[in-house]
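These notes concern the structure reproduced below.
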Amino acid sequence: MSPRELTFHIFRYDPETPEVKPHTQTFKIPEEPAMTLFVALNKIRDEQDPTLKFDFVCRASICGSCGMLINGKASLACKTLTKDLPSDITLFPLPAFKLLGDLSVDTGTWFRDMSVRTESWIHTDKVFDETAQEEKMDDDLSLEIYEAERCIECGCCVGVCATANIRPNFIGATGINRVSRFMLDPRDKRDEQEYFEVVGNDDGIFGCVGLMACDDSCPIGVPLRGQLAYVRRKMAVAGWHRK
Amino acid sequence: MNSYDITTTDVLVVGAGLAGERAAVAAAEAGHNVIILSLIPPRRSHSSAAQGGMQASLGNAAMGKGDNPDVHMYDTVKGSDWGCEQDVARMFVETAPIAVREMAHWGVPWSRVRNEKRMYEGTEIVEDPEKVGLINARNFGGTAKWRTCYTSDGAGHTLLYAMDSIVIKLGITVHDRMEAIELIHDGERCYGVVARSLRDGELHVYIAKTTVIATGGFGRLYAASTNAIINDGGGVAMALNSGVVPLGNMEAIQFHPTGMVPSWILITEGARGEGGHLLDKDGYRFMPDYEPKYKELASRDVVSRRIMQHIRAGHGVESPYGPHVWLDIRHLGEHRINTYLREISTIARTFAGIDPVKELIPVRPTQHYTMGGIRTNKDGKVYGLDNLFSLGESACWDLHGFNRLGGNSLAETVVAGRIVGKKIAEYTNDATLEVKSNLIQEHVNKVSARMDAIRARGKNGENWVDIRKEMQMTLELDVGIFRTGEHLQHAVSKLSDLYERAQNVGLMGGGGQGADPELVNAMRLPGMLKLALTIARGALERKESRGSHFREDYPKRDDENWLKRTLAYWPEGAKLPELKYESITITEIPPGDRGYGESSGKK
Ligand SMILES: Cc1cc2nc3c(=O)[nH]c(=O)nc-3n(C[C@H](O)[C@H](O)[C@H](O)COP(=O)(O)OP(=O)(O)OC[C@H]3O[C@@H](n4cnc5c(N)ncnc54)[C@H](O)[C@@H]3O)c2cc1C
Ligand code: SF4
Ligand code: SF4
Ligand code: FES
């Protein structure tokens, strides 16, 4: 059987040269066995257009660099196999993030800002003691924290979120999940009201309209639905205590 | 067109992986102003891809009982085939338990000892009730005790996220998508770097009292590598380009036994640590025949060679991508695989369409780690230039000698980050911030001249894609696991030709304006070839076999002539690296038998 010919329709725009308007460009390549979009895009760049911009780092669905809209669905390009797609493949950059060029968007700045605003670090007065044994933790709890910490900051859940697309400061499902990760962690000494300051507002959990587009889009299966519900419950109670 | 802006700071750290960030934290905690540069957002650094774990002799797990720094020391020195600096290894093993606990303090959700019985290779493991809840450890290659602390199989991810959270907490400035390309120096002292923004292509000058290189490994010089695609050695090449900084033991390249065919994505050693087996085309478990004591968990250099030896003897599984063997983890059971080896089962499912609960994973030894790098002393200070430090995989601190143990590299990043970070802070206290403006201009001009020349050659120049591919194949075929004088000679001449061609690299696409990715890649090419040549030449000259460097024409370790470290320099204008040698520091354990490998086990 001869291999399929794949036709890519790729979004092109360079903010440095606004005189060239956004457009899609078409490339054709023969499909190879076990071909991922990482392999395909590099083939296009190496052989047809060396100016094409996109981001890959780990090419193993670990680092979160390569989120994009693949035939309209947000996912990681490196873990998408062409055999699971029709022969016409349309690639667009993730919306909601600043466009750097073609398929490359600035997720890094967005996530750093989110981490700063949610104060994503362990808050504690304890000073590290080099001579002491570590504090004990139940392994089931560490697995639960890891479950939330598995987010790789790819931005897929942000790109598909209606709220995030109209409200630039909304922290998204990833941000709410991030807060839940610290709420679960007994090493973080923030109380309910301190968390409320961080997420108990319209840029946080109360901005979420609960349609769960995010939950379906997470390429590594962070249980966003459950995490959103957990934070919503906690913050509803915290809000009650405030009054 | 030589416009650029200048930023000054106390400490400039190039690289936002675990090593760079840990050093930055140490310097910032001491009150210094710190700026970190990175090709990519920090959390995407390759450190995040480490799955298996980090070694520290906590001795909490039942199978790690009685562990201590001395045992860790002995394993590390043996693993290195007596190539490591023993004073460095001693500091390292003493500090690793502190570093792992410090990371717990900062939020790493380490897997903990469970109150559960478990079967492992036919023996029942019963944990000490006193230790339940303390940081657990798993088995890794070449270790006498279970010592590798882990978070399921996301150790690197959780370490890097915790570390970066401290960088954010301390408000340390990070400039991402900023590539350092040239050291500003006068042959004696380093003053900072010339960098180029990957957002818009503009040049930026960073001037610092102390400059630190923590740019990670350079596996992408090889055709098949487990490394991230950004691991092409830019930071190391930048040091070599100075003409005065030597690179240590570049020929010491690690091949990991289990890269998955054909994407070469890593299947962590944790899979064998958890009890996975290697099988040949007949489904036969062959490692016990070669390594009766350690079996699948001898050191990596040994297991990789044994696999290739077995394949050469005709027992490999044929495939369009060359022969391979199988990794079998089915007997670990669904629960254990989906809990503690979850990322790799996802990887096997996604990239090879294989369910490891029911099926075998195709694997072959694949380039994985670079033991060599920018040579430093035990404080992390780089040879040859003042005010310059290096640490992590880009450095040759020399903890690993000729073979790194799995789990010792993540540990090195945070341990060196503590130790070297303190030294950087102290050193910076006494350093000044003065630099002649014509020195800056000279280095900026050098960079612009290179860019202009590439643009001017345009389509009349060489295509970087072709040269890179030929370089990668040359190292793959001629400077691989089994090496001979003939192949290495061929590699050196081939790479020299490619280096000449790389001087004429052009642009096939656009005009190299702004952040054109082709110009970025074309600029990196000559440096990559220099590194490739230091690897090939170092390997050609080293006429013995030690750790990962295996010469079929000199199959024995030769302590009489070769108990020494290669130092590769690249003087201005030279066509080949110049090699010198230095002695290895041996403070505790004189050279002896490793207890595994060709000289110990069965032939
Ligand atoms: C797949 C895989 C799995 C691994 N698993 C384990 C394991 O289980 N246990 C273990 O101990 N080790 C493991 N290792 C090895 C270990 O992960 C690495 O050696 C270690 O993380 C390297 O850390 P680093 O900080 O030195 O470099 P990196 O994490 O690679 O960071 C390098 C940084 O430098 C920046 N940079 C590079 N060049 C430039 C430049 N020119 N200008 C500006 N910035 C630059 C990059 O942006 C990046 O931020 C693994 C390695 C691989 C490939
Ligand atoms: S459920 Fe909330 S976070 Fe998720 S997509 Fe909808 S609005 Fe966004
Ligand atoms: S929660 Fe999932 S989709 Fe959202 S950023 Fe994290 S990994 Fe990506
Ligand atoms: S390149 Fe790392 S997730 Fe796709």
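The values are calculated or read from the model by the stated rules, or taken from the named source; none is laboratory data. As the structure is a prediction and not an experimental result, all values here were calculated from the model. Note that each Cβ is placed from the backbone with ideal geometry, even for glycine, and that neighbours are counted across all protein chains shown. For accessibility, only protein heavy atoms count, side chains too; no ligands or nucleic acids. Shrake-Rupley method; radii C 1.70, N 1.55, O 1.52, S 1.80 Å.
Points to keep in mind about this one:
- Unique residue being more than 23 Å from the chain's Cα centre (by Cα) and within 10 Å of chain B (Cβ to nearest Cβ) when the list is A:THR80, A:THR51, A:THR24, A:THR36: A:THR51
- Condition broken by A:ALA60, with the remaining ones in (1) more than 16 Å from ligand 1 (Cβ to nearest atom); (2) touching a strand residue (DSSP E or B) at 6+ places or on another chain (Cβ under 7 Å) satisfied: (1)
- Within the stretch A:156-173, if we keep just the residues that are in a helix (DSSP H, G or I) and away from ligand 3 (no atom under 13 Å from the Cβ), the residue that is most open to solvent (accessible area, probe 1.4 Å) turns out to be A:ILE166.
- Test for A:PRO30: is it more than 22 Å from A:VAL158 (Cβ to Cβ) and free of Cβ contacts under 8 Å to residues at least 12 places away in the same chain: no
- Any helices (runs of 4 or more DSSP H) falling wholly within the stretch B:274-372 and containing at least 3 residues that are within 16 Å of B:PRO262 (Cβ to Cβ): B:342-352
- Within the stretch A:197-243, the set of residues being hydrophobic (A, V, I, L, M, F, W, C) and touching a residue at least 60 places away in the same chain (Cβ under 8 Å) comprises A:VAL198, A:VAL199, A:CYS218, A:ILE220, A:VAL222, A:LEU224.
Listed here are the residues, each with its yes/no results for (1) surrounded by fewer than 21 Cβ atoms within 10 Å (Cβ to Cβ); (2) within 13 Å of another protein chain (Cβ to nearest Cβ).
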position: A:ASP138; (1), (2): yes, yes
position: A:CYS154; (1), (2): no, yes
position: A:GLY175; (1), (2): no, no
position: A:GLU197; (1), (2): yes, no
position: A:LEU211; (1), (2): yes, no
position: A:ASP215; (1), (2): yes, no
position: A:GLY221; (1), (2): yes, yes
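- Residue check for B:ALA19: more than 11 Å from ligand 1 (Cβ to nearest atom), at pLDDT 95 or above and in a helix (DSSP H, G or I): no
- Scanning the stretch B:181-217 for residues that are more than 14 Å from every other protein chain (Cβ to nearest Cβ), more than 9 Å from ligand 1 (Cβ to nearest atom) and outside any strand (DSSP E or B) turns up B:ASP186, B:GLY187, B:GLU188.
- Any hit, the stretch A:50-69, residues being of a type in the set (Ser, Thr, Tyr) and under 23 Å from B:ILE267 (Cα atoms): yes
- Residue identified as touching a residue at least 24 places away in the same chain (Cβ under 8 Å), within 14 Å of chain A (Cβ to nearest Cβ) and in contact with a strand residue (DSSP E or B) (Cβ under 7 Å, 6 or more places away or on another chain) among B:PHE402, B:PHE389, B:PHE351: B:PHE351
- Extreme residue, surrounded by the most Cβ atoms within 10 Å (Cβ to Cβ), among residues of the stretch A:91-122 that are touching a Ser or Thr at 6+ places or on another chain (Cβ under 9 Å) and of a type in the set (D, E, K, R): A:ASP102
- Only one of B:VAL71, B:VAL93, B:VAL100 that is within 22 Å of B:TRP397 (Cβ to Cβ) and open to solvent by 30 Å² or more (accessible area, probe 1.4 Å): B:VAL71
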